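Only the coordinates and a few stated rules stand behind these numbers; no lab work does. Quantities reported herein were computed from a predicted structural model and do not represent experimental measurements. With ideal geometry, Cβ positions are generated from the backbone for all residues, glycine too; neighbour counts draw on all protein chains shown.
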Ligand SMILES: Cc1ncc(C[n+]2csc(CCOP(=O)(O)OP(=O)(O)O)c2C)c(N)n1
Ligand code: SF4
Ligand code: SF4
Ligand code: SF4
Ligand SMILES: [Mg+2]
């Protein structure tokens, strides 16, 4: 296991203030490590990777890592990512968003990016809350859970991010957690190499804004919960049905080869240029 | 993750980066680490470490590193990892900075 941490330090911008801003035990730090290991394992040069982040605790990731990075506006990260991919399809574009970022304010961009199958990787850090702004409920907060804006429990149902992206047409859809770090490395690597729109939803604990209000005594309890309340989708008898015991399926839900929007666009360009000759 | 053999590793925690979340302490299968009086992770039973890698993969703050034990004399750089002497790593407050890469576009 030697050199795992050293490798991560080689990708960090050491001129930024460390330790990073994430709270003690925040899952976002683990996801950052996983992302770095995945890019490294694929042998991608740092300059070929673009990290496009939205606003939120999750968005802070772009500050710390030495890829090409764009820290965009809340909810709109996918629009910037789409532009970058269309302009230079050779780049591996990874879009980091929180659940609020990707599903609440940015929900429309998410479904349309999936429908277009643009060759971008959406890394959705689902902590089931608006972490950065003080713990308001998001569209991924489970029904009945306590947040700053739902002190008696949320009355609304949460989005199932993976289901929604599948329904909207994403060609690679997976779900992992910050606890299952080795699996997460694999999911992120295959998502980055996937030709069309790829989504990796990551259950990433927010001990500060979500955990404390929902009977988790500390960060460790949240990871224990992830350990015992998730199930590998490949071990399910009926992978398309939600497990009755309420456990969260993790793994790859869809992986089909469909040309991305940028490929179809350049195909059209080649065709039209051929006609004009 | 090779053989699960004890006593092959140096476990290094960088207290300046550790936020004391306790993940490494709670999940280490060999109970190598404890939270000290300052609320930071500290190595208590290094010889028990089985090099499983859990702590390195899960520390949200990249504050813990597992290294092979080397026979290089104390104070000598470790030729394998590019880090300084792993014996001395125990005392570091924060991780060493990476070696800068040569600039591919010197005109910039
Ligand atoms: C247009 C706009 N509306 C609202 C905000 C305030 N705001 C900043 S971050 C955030 C939500 C963050 O939640 P999430 O995306 O889940 O990220 P997390 O912090 O949980 O990682 C909001 C509402 C903003 N910055 N810009
Ligand atoms: S508020 Fe929550 S999501 Fe934000 S850094 Fe703290 S633990 Fe992480
Ligand atoms: S996991 Fe990292 S930050 Fe948390 S207590 Fe251990 S060394 Fe410190
Ligand atoms: S590598 Fe495994 S056994 Fe060794 S200190 Fe880390 S968690 Fe414990
Ligand atoms: Mg959130």
inquiry  = Quick check on chain A: of the DSSP beta bridges with both residues there, what percent are antiparallel, nearest 5%?
reply    = 20 percent
key: Exposure proxy order (Cβ contacts within 10 Å, fewest to most) of B:62, B:38   = B:38, B:62
key: Fewest-first ranking of A:67, B:27, A:203, using other Cβ atoms within 10 Å as the exposure measure   = B:27, A:67, A:203
note = So the FRET efficiency between residue A:227 and residue A:63, C-beta based with R0 = 35 Å and rounded to 0.05, is 0.75
key: Residue of A:166, A:85, A:157 that the Gaussian network model of chain A assigns the largest fluctuation, springs spanning Cα pairs under 10 Å   = A:157
ask   = For chain A, modelled as a GNM with alpha-carbon contacts under 10 angstrom, which of A:212, A:186, A:264 fluctuates the most?
value = A:264
note = At the level of C-alpha centres, the distance separating region B:1-57 and region A:227-241, in angstrom, is 31 Å
Residues A:76, A:247, A:270 arranged by fewest to most Cβ contacts within 10 Å = A:270, A:247, A:76
request  = Tell me what the protein assembly as shown gives for mean residue ellipticity at 222 nm when only DSSP H runs of n ≥ 4 count, each as -39,500 (n - 2.57), the sum divided by the residue total, rounded to 500 deg cm²/dmol.
outcome  = -8000 deg cm²/dmol
query = With each label point set 7 Å from Cα along the Cα-Cβ vector, what nm distance links residue A:245 and residue B:6?
reply = 3.3 nm
